[in-house]
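Everything on this sheet refers to the single structure shown next.
The values are calculated or read from the model by the stated rules, or taken from the named source; none is laboratory data. Please read all numbers here as calculations on a predicted model, not as lab measurements. Reconstructed Cβ throughout: ideal geometry from the backbone, glycine too, with neighbour counts over all protein chains shown. Please note that ligands, DNA and RNA were not included when accessible areas were found on the heavy atoms of the full protein model with its side chains. Shrake-Rupley method; radii C 1.70, N 1.55, O 1.52, S 1.80 Å.
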Amino acid sequence: MNNLIIKNASQVVTCSGFEGKRGKEMSELNVIENGTVIVTDGLISHILKQGEKAEINISDYNTIDASGKALLPGFVDPHTHFIFGGYREEEFSWRMRGDNYMAIMNRGGGIVNTTKATRKASEEELTVAGKMRLDAMMRLGITTVEGKSGYGLDKETELKQLRVIQRLNEIHPIDIVPTYMGAHAVPSEWKGRKDELIDFNIKEMFPLVAEKQLAECVDIFCEKDVFSIEQSRRYLEAAREFGFKLKIHADEIVQLGGAELAAELNCLSADHLLQASDKGIQALAQSKVVATLLPLTAFSLKEKYARARDMIDEGCIVALATDLNPGSSFSSSVPLLFAIACIHMNLSPEEAVTAFTVNSAAAVGRADTIGSIDIGKQADMILLQYPSYKFLPYNVGMNIVETVIKKGEIIKLN
Ligand code: NIG
Ligand code: FE
């Protein structure tokens, strides 16, 4: 029975909305003090102010008393690479001694290193590791996550990663939005043949992934020494023909114009954007592309944070994501994400909450069904240990999520 009454929450932080919010709208959380939310058949059916009553048969419902606790939409993490074999702890130590992320990649480490381990890993091993990572996310309040392939970079392993994502989506309470990322790096067998690798993706992989319905989105690492603007444009335009939504790793290390390309192609999201130009930011502000920022990556790589303040002030739709992966951000720490976003990127707590709920739902194309507490939406919600959402960045680095509700069911956290 997915019928539930969450009674008398000190705050119902609705984040109300069915599409990404931009600029000043990001500060509007539409909080109801001492509110009650009712879930019927896994969907949000009533949002009540203090004293309001609903006409329901109470014996059909379980009830939780949420006094003293804030109720929020479940978090949506819209950019991760959580299916991978092996780890790269040596590279982390090298970087702490001054080595550079791209230099390590250019000498055959980085993404290609993980590709080797992912090719070797069995489907079962990847599933077990993936499940462990999803369990950790759920404890932190994440109820939907985007997950990319891109550590196979050959037909067999890319499909293996996507099948693991599909299986986990079936067996795990967290919903997974699958993304195909066949242009994530250039493994040795494709060295000097990047255009052919793009062709291989367009001619062989897109039709296969589309036919098997293994991905909703397609992504590319548009970066100096990886894939150029022209290669990215060709790859993404072809992906659109197969019905995929488009995502792009843009302007992360070098200012290439990825933000402008994302706006030109009307991508679902442009991600990273540490080096995005003024023109790029303006182009995004005038588009519906979600600017997805990854504070944990900049933190881990000791890079300057993306210009979140400028983006919001210019009117961009800004989302936040963890970028969980074994290299540049081996973390799904939601608490740290909130702390950095507010303390170092100067988002207000309200903007940060919008960025990790309704706007991150928009970044995966699902703001119509998740990401806010609105009537008719899927009942994915979390209760905090504290009475206000403001504790999220304030209680630095601490997990304050007490209860996770997925499709109206209270999840047993292990
Ligand atoms: O989003 N920048 C490219 N891709 C990932 C890193 C993947 C890795 O280092 O394994 C990212 O940061
Ligand atoms: Fe990434």
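For the chain, the longest principal axis of the Cα atoms and the long axis of helix 123-139 meet at an angle of about 40 degrees. Between residue 58 and residue 414, the contour length at 0.36 nm per residue exceeds the Cα-Cα span by 125.2 nm. Amide H contacts of residue 176 (H built 1.01 Å from N, in plane; Pro and chain starts excluded): 145 sit under 5 Å, all sequence-distant by 5 or more or on other chains.
Rounded to the nearest 20 debye, the dipole size of the chain about its Cα centre is 560 debye, using +1 on the Cβ of Lys and Arg and -1 on the Cβ of Asp and Glu.
Taking Cβ atoms as reference points and 12 Å as the exclusive limit, the residues near residue 312 contribute a net charge of -1, counting Lys and Arg as +1 and Asp and Glu as -1.
Taking 0.36 nm per residue of separation and subtracting the current Cα-Cα distance, fully stretching the chain between residue 125 and residue 46 would add 24.2 nm. Our coupling estimate for the stretch 187-194, obtained by passing each phi through the Karplus curve with A = 6.51, B = -1.76, C = 1.60 and θ = phi - 60°, is x, 4, 5, 10, 3, x, 10, 5 Hz, Gly and Pro reported as x.
Between residue 240 and residue 65, the modelled label-to-label distance comes to 5.5 nm, taking each label 7 Å out from Cα in the direction of the beta carbon. Using R0 = 30 Å, the C-beta based FRET efficiency linking residue 97 and residue 136 works out to 0.60. For a distance above 33 Å, tell me the whole-number percent of Cα pairs in the chain that qualify. Cα-Cα pairs in the chain separated by more than 33 Å: 29 percent. With the highest mean first, a sort of the peptides 4-17, 356-369 on other beta-carbon atoms found within 10 angstrom per residue produces 356-369, 4-17. Shown is the FRET efficiency for residue 191 and residue 90, computed with R0 = 30 Å from the Cβ-Cβ distance and rounded to the nearest 0.05: 0.85.
Each peptide in 210-223, 246-259 was scored by the mean count of other Cβ atoms within 10 Å over its residues; highest first, the order is 246-259, 210-223. Non-local lysine pairs in the stretch 14-161, meaning eight or more places apart or on different chains, with alpha-carbon distances under 16 Å, amount to 8.
Taken over the stretch 229-321, lysine pairs spaced eight or more positions apart, or on distinct chains, with alpha carbons under 22 Å apart number 5. If only the Cβ of Lys and Arg carry +1 and only the Cβ of Asp and Glu carry -1, the dipole of the stretch 92-169 around its Cα centre is close to 160 debye.
Mean residue ellipticity at 222 nm from the helices of the chain, using -39,500 (n - 2.57) per DSSP H segment of n ≥ 4 over the full residue count, to the nearest 500 deg cm²/dmol? Kindly include the intermediate steps, with their values, before the conclusion.
On the way: 16 runs with 141 residues, N = 414.
Result for the chain, helices only: -9500 deg cm²/dmol.
Dividing the alpha-carbon Rg of the stretch 242-343 by 2.2 N^0.38 Å yields what?
Values: Rg = 12.9 Å, N = 102, 2.2 N^0.38 = 12.8 Å.
Compactness ratio reported: 1.01.
Fully extending the segment from residue 7 to residue 286 would add 96.4 nm, taking 0.36 nm per residue of separation and subtracting the current Cα-Cα distance. Averaging the sequence gap over all C-alpha pairs within less than 8 Å and six or more residues apart, then dividing by the number of residues, gives the stretch 81-227 a relative contact order of 23 percent.
Seen against the Cα atoms of the chain and their longest principal axis, helix 155-171 is set at about 10 degrees.
Each 5 Å bin from zero up to the one holding the largest Cα-Cα distance in the stretch 127-226 carries the following percent of pairs: 2, 13, 23, 22, 16, 12, 8, 4, 1. Remark on the stretch 264-414: ratio of C-alpha radius of gyration to 2.2 N^0.38 Å is 1.05. When peptides 101-109, 315-323 are ranked by their average number of other Cβ atoms within 10 Å per residue, the highest-first order is 315-323, 101-109. More than 17 angstrom separation, counting every C-alpha pair in the stretch 14-152; what % is that? In whole percent, the long-distance tail amounts to 74. Count Lys and Arg as plus one, Asp and Glu as minus one, and take only other residues whose Cβ is under 11 Å from that of residue 172; the net charge is then +1. With a simple spin-label model that places each label point 7 Å from the Cα along the Cα-to-Cβ direction, the separation between residue 278 and residue 204 comes to 4.6 nm. Relative contact order of the chain, taken over Cα pairs closer than 8 Å and 6 or more residues apart, is 23 percent.
Please work out the C-alpha center-to-center distance from the stretch 23-66 to the stretch 140-203 and express it in whole Å. Distance between centres, Cα-based: 38 Å. Taking the accessible area of the stretch 226-373, probe 1.4 Å, and keeping the other protein chains in place, the carbon and sulfur fraction comes to 49%. The stretch 303-378 and the stretch 236-278 have Cα centres lying 17 Å from one another. Helix 229-241 and the longest principal axis of the Cα set of the chain meet at an angle near 60°.
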